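A.B. asks: First the structure, then my questions, so here it is.
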Amino acid sequence: MMNEFKETVRKVTACYGPSGREKKIAELLAELIRPYVDEITGDALGNVIGLKRGTSGKRVMLSAHMDQIGMIILDIDEKGFLRFAPVGGINPEMTVGHEVVFENGTRGVIHREEKDVKPPAKLTQMFIDIGCGSREEAEKHVSVGDICVYAPHFVDMGSRVACCALDDRICCAILAEVMKKIDSPHDIYCVFTTQEEVSFGGALAAAYSVNPDFGINLDVTGTGDTPECDPVPMKLGGGPTVKYLDDYTVVTKPVIEFMHAVAEKHGIRVQNEVLPYGGTDTYAVQPMRGGKAACCVSIATRYIHSPIETADLSDCLSAVDYVRAMAEEQELPLA
Ligand code: CO
Ligand code: ZN
C-alpha cells in the first residue's frame, strides 16, 4: 500500500503544471480517477471535476489543487540569460542553485548576479541559464511568458519523501486513493483545482458550479518540528490535521466538532492545525453562495514552496481513511 502510494506521488510530482498551465497534470489526474467515477467534466479554468453519484441528494466536494508554483520569463538578454518573476510564492533563498524545466522539456539552472549582491539575492537579481550563448539561440527554446518549474527530484527516505510540488500533488494522490474505495450516500465530487497558488480562482469557479452541501479541502500545512522554526503545533507523523485556522479561513465550530467526532468514531489519530500564515482553497468554498460548511484536512509538510518539500506518507494513508470516513457520513455538518 505504502509503495504503491509512493509511486503515485512520484508520478504526480514529476508532472509539469504551474498555475494556469495545468493541462498535463489535469490529464494525468483525470486518468487516475476515471475508473472510479461516473463522469468527469471540466470548465474554462481547467478544473477536473469527477462525480461519483449517491442517492441522498446531497453533494460533498472533495478538492485538492493541482497547480504548482513556477517562474515566468520576463526578458531574454542578448547573451541568452532569462529574467523571471514568481508565479505563486517562490522563496528566493531556496532558488539559487536549482534546476528548472519548461513545458517543452527545456532545462536550465538558476544563478544570481555576483557584483554588489549578497545572499540571499532577490528574484530580480537572479537569472536562468538554459545553456544558450545568445538571445536568438535562447528564443528557439523559450519565449517571454513561458513558465518553468523546479525540476522534480524525488528523494525516497522510506516513510518520508521529499520533492517539489508535494504542495499539493500529495493531496491529489490522496484524493485519487479516496475515490478508489469510497462508498457514500452522497454525490461525491472529486475536484482537482487550478490556480490555487495565485488566486484560488479554480476553486472559486468549481465551488460555484458544484454548489456543495459540504466541502472537504486537502492541502499541505507548515510544521513546528524542525530546529528553531516558527512554533506551530503540527508535525510530521502526527496524522492528518483538523484545520482550525489559517490566514484566510476560520473553520466553524460545528465543522470542527464533526471532524473530531468522525476521527474518534474510526479511531483515526489526527492533529490540530493552527496556521498563522498562508491560505487554501477552503477560502473559496466556505463563503460561496450564501455560505457552506467547509473544512480542510492538511498534511504536515516541511520546507513548503521549496524544491525539497518533505512529508510523511503515513500521514497521507491515514488521510485517505479520514477523508473517506467524513464523506461517507450520513449526517453532514451544518455551518
Ligand atoms: Co502552495
Ligand atoms: Zn497548496
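The values are calculated or read from the model by the stated rules, or taken from the named source; none is laboratory data. Quick caveat: nothing in here was measured; it's all calculated off a predicted structure. Quick reminder, even Gly has a Cβ in these numbers, built from the backbone with ideal geometry, and neighbours come from all protein chains shown. Please note that ligands, DNA and RNA were not included when accessible areas were found on the heavy atoms of the full protein model with its side chains. Shrake-Rupley method; radii C 1.70, N 1.55, O 1.52, S 1.80 Å.
A.B. asks: I'd like to check one number: the per residue accessible area of region 143-239, probe 1.4 Å, reported in Å² as a whole number.
C.D. replies: 31
A.B. asks: Follow-up. Can you tell me the relative contact order of region 118-271? Whole percent, Cα pairs under 8 Å, sequence separation 6 or more.
C.D. replies: The value is 11 percent.
A.B. asks: Still on this structure, please answer the following. Give me the percent of the accessible area of region 164-243 that comes from carbon and sulfur atoms, probe 1.4 Å, all protein chains in place.
C.D. replies: Summing carbon and sulfur atoms, their accessible area is 47 percent of the total for region 164-243.
A.B. asks: For region 1-19 and region 139-195, what is the separation of their Cα centres, given in Å?
C.D. replies: Measuring centre to centre over Cα atoms gives 6 Å.
A.B. asks: What ranking do 227-239, 249-261 get when scored by the average of other Cβ atoms within 10 Å per residue, highest first?
C.D. replies: So the peptides 227-239, 249-261, ranked by packing, come out 249-261, 227-239.
A.B. asks: Here's another thing I want to ask about it. State log₁₀ I(q)/I(0) for the chain at q = 0.09, 0.12 Å⁻¹ as given by the Debye formula over alpha-carbon point scatterers of equal weight, solvent excluded.
C.D. replies: -0.46, -0.80
A.B. asks: Could you sort out which of Lys58/Lys243; Lys79/Lys122; Lys11/Lys253; Lys58/Lys265; Lys6/Lys122 sit more than 30 Å apart by Cα distance in this structure? Could you put the intermediate results ahead of the total?
C.D. replies: Working: Lys58/Lys243 23 Å; Lys79/Lys122 21 Å; Lys11/Lys253 37 Å; Lys58/Lys265 22 Å; Lys6/Lys122 35 Å.
Long pairs (Cα-Cα over 30 Å): Lys11/Lys253; Lys6/Lys122.
A.B. asks: Using a 7 Å offset from the Cα along the Cα-to-Cβ direction at both Val144 and Glu27, what is the distance between the two label points in nm, to one decimal?
C.D. replies: A separation of 2.9 nm, rounded to one decimal place.
A.B. asks: Determine the percent antiparallel among the DSSP beta bridges restricted to the chain, to the nearest 5.
C.D. replies: Counting only bridges with both partners in the chain, antiparallel ones make up about 60 percent.
A.B. asks: OK, next. Per the Kirkwood definition applied to all pairs of different Cα atoms, how many angstroms is the hydrodynamic radius of region 70-150?
C.D. replies: Details: mean 1/r = 0.0802 Å⁻¹.
Averaging 1/r across every pair of different Cα atoms and inverting gives 12.5 Å.
A.B. asks: Please give the net charge around Met2, taking every other residue with its beta carbon less than 14 angstrom from that of Met2, where Lys and Arg add +1 and Asp and Glu add -1.
C.D. replies: -4
A.B. asks: Net charge around Ile49, counting only other residues with Cβ within less than 9 Å of its Cβ (Lys, Arg = +1; Asp, Glu = -1)?
C.D. replies: So the environment of Ile49 carries a net charge of -2.
A.B. asks: Let me ask something else. Is there a quick way to get the dipole size of region 230-304? I mean about its Cα centre, with the Cβ of Lys and Arg at +1 and of Asp and Glu at -1; what is the value in debye to the nearest 20?
C.D. replies: About 200 debye.
A.B. asks: What list of ³J(HN,Hα) couplings, whole Hz, do you get for region 98-110 from phi and the Karplus terms 6.51, -1.76, 1.60, once you set θ to phi - 60° and write x for glycine and proline?
C.D. replies: 9, 8, 10, 9, 9, 4, 7, x, 4, 10, x, 10, 9
A.B. asks: Do the sum for the chain: with -39,500 (n - 2.57) for every DSSP H run of n ≥ 4, divided by all residues, what is the mean residue ellipticity at 222 nm, to the nearest 500 deg cm²/dmol?
C.D. replies: Values: 8 runs with 86 residues, N = 335.
Calculated from helices alone, the mean residue ellipticity at 222 nm is -7500 deg cm²/dmol.
A.B. asks: Quick one: with all protein chains in place, what share of the accessible area of region 70-150 is carbon or sulfur, to the nearest percent (1.4 Å probe)?
C.D. replies: That fraction is 50 percent.
A.B. asks: Relative to the present Cα-Cα distance, how much length would full extension add between Lys180 and Met1 at 0.36 nm per residue of separation?
C.D. replies: Numbers: separation 179, 0.36 × 179 = 64.44 nm, distance 1.28 nm.
That pair, Lys180 and Met1, stretches by 63.2 nm at full extension.
A.B. asks: Between Thr55 and Glu93, how high is the FRET efficiency from 1/(1 + (r/R0)^6) when r is the Cβ-Cβ distance and R₀ = 45 Å? Nearest 0.05.
C.D. replies: The value I calculate is 0.30.
A.B. asks: Through the Karplus equation 6.51 cos²θ - 1.76 cosθ + 1.60, θ set to phi - 60°, convert the phi angles of region 117-129 into ³J(HN,Hα) values in whole Hz; use x for Gly and Pro.
C.D. replies: 10, 9, x, x, 6, 7, 4, 5, 9, 9, 8, 10, 9
A.B. asks: Find how much the distance from Val274 to Met157 grows on full extension, using 0.36 nm per residue of separation minus their present alpha carbon separation; answer in nm with one decimal.
C.D. replies: Residue separation times 0.36 nm, minus the Cα-Cα distance, leaves 39.4 nm.
A.B. asks: Work through the residues other than Gly97 whose Cβ is under 15 Å from its Cβ and net out their charges, Lys, Arg +1 and Asp, Glu -1.
C.D. replies: Every neighbour counted, the sum reads -3.
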